[in-house]
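Structure, as structure tokens:
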Amino acid sequence: MSGSPSRATILRGEKMSDTILGVFLIVLAIFVLISSSSFPNLVVRGEKLPGPKYFPSLLSILMILLGVFYIVSSTLKFKKREKNQIEKSSKGQVSPLLVVLASSILFVPVIQLVGTTVGVIAITFSMMVFFRVKWYYSAVVSVALALLIRLVFEVLFKVPLPEGTLIPL
């Protein structure tokens with residue numbers, strides 16, 4: 001017997017850490033919901049607008065959903081991972097951190113050039129494809145994210161998003 005942990009032990013540890021993370025997210029979200037409930041409502045000219053408690057409440061709900069996701073996914077079976085994926089060396093590969101950093105730096109120039117909607121789709125799609133997400137799933141998520149951002153900022157917050165110089169949308 002070697003001193004290294006077995007694959008089952010590693011998977012059990014991952015399951016436990018995902019469950020702990022899920023519970024922590026839910027507890028933190030409940031704390032934020034309770035704390036933000038005392039924030040005042042924003043009423044302008046008799047119209048109730050999203051006030052100071054809106055964003056923390058929205059994030060808390062998303063954190064609760066994410067926590068539930070972690071707990072549920074940790075109780076399901078883990079897919080068997082390929083041995084070469086675990087033993088794969090990182091030689092010749094671009095670091096994921098560098099890709100995220102480069103995307104963050106390129107985000108503003110891309111948005112100025114092609115606009116927010118097309119820029120978000122392009123950056124999100126390229127990052128997801130780089131991280132080996134299936135292209136059709138990447139396309140759907142990228143478009144959905146761009147539409148969600150447009151909906152939240154332009155419709156809900158009434159904040160105009162930048163239009164591009166090449167593709168004004």
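Every read-out reported here was derived from the displayed coordinates using simple, explicitly stated rules and does not represent laboratory data. Computed from a prediction, not measured in an experiment: that's the story for all the values here. Positions of Cβ are generated from backbone atoms using ideal geometry, with glycine treated the same way; all protein chains shown enter the neighbour counts.
Convex hull volume per residue, computed on the Cα atoms of the stretch 97-147, equals 58 Å³.
When Tyr54, Tyr137, Tyr70 are sorted by how many other C-beta atoms sit within 10 angstrom of their C-beta, beginning with the fewest, the order is Tyr137, Tyr54, Tyr70.
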